[in-house]
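Here the structure is laid out as C-alpha cells; the discussion comes afterwards.
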Amino acid sequence: MEIEIVIPRGMITMKSVAWGGKAPEEFRSSQEAIRHAVQTSESSAQLKQWLESRTRLHLSAEFHLSKQRASKTDMDSLLSDLFNPLVEGACGPRPAGKPIPQTKDALFWEVVARKIESEDEKTALKIRPA
C-alpha cells in the first residue's frame, strides 16, 4: 500500500529561506497547513499505524517550487521543515512525556527527494513501507 498526500501552493514550508526567522507566524501557519493536509488525507489512519508501530518507511517527496524559490532552497531545509508536521498530522498531539515516533532516524526513513521548477507550487508525498 502507498499513501499519497499533496500539499498545495502556499503551504510549502521553507523556514530557513522563505521565513528567514522574520515571520514566525507564517512559518507556524505553513506547519499547520502540512499537519492539516496529513490529517484530512484518506490515508491518515494507515500512516499513523505505520508510525506507531515504527515501520520502516520509504518517503518520496517532490517539491515543486518557483524558479526563484528552487534556486534559494536547500533540500535539508525542505525535509527538516516537513517531517515534524507530517508525523504530528498523522499521530496528533502527544501527551506530556510521550514522545512522538522517531522522524529523522536514518534507520526509520528511506527518503528520495527532488526539487522541481514549477509555477504550480506544491509538495507531493508518497509514503509506503520500505
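Considering the range 20-45 alone, what residues qualify as being modelled with pLDDT under 85, surrounded by fewer than 19 Cβ atoms within 10 Å (Cβ to Cβ) and of a type outside the set (Asp, Glu)? Gly20, Gly21, Lys22, Ala23, Pro24, Arg28, Ser29, Ala33, listed by residue number. In the range 47-85, which residues are under 13 Å from the mean Cα position of the chain (by Cα), of a type in the set (Phe, Trp, Tyr), assigned to a helix (DSSP H, G or I) and at pLDDT 85 or above? Of everything in the range 47-85, nothing turns out to be under 13 Å from the mean Cα position of the chain (by Cα), of a type in the set (Phe, Trp, Tyr), assigned to a helix (DSSP H, G or I) and at pLDDT 85 or above.
Within the range 86-118, which residues are modelled with pLDDT of 85 or more and assigned to a loop (DSSP other than H, G, I, E, B)?
The one that is modelled with pLDDT of 85 or more and assigned to a loop (DSSP other than H, G, I, E, B): Ser118.
Within the range 114-123, the set of residues being surrounded by 16 or more Cβ atoms within 10 Å (Cβ to Cβ) and not hydroxyl-bearing (Ser, Thr, Tyr) comprises Lys115, Glu121, Lys122.
The values are calculated or read from the model by the stated rules, or taken from the named source; none is laboratory data. Predicted model, so just to flag it, every value in this text is computed and none were measured. Here Cβ is always computed from backbone atoms with ideal geometry, including for glycine, and neighbour counts include all displayed protein chains.
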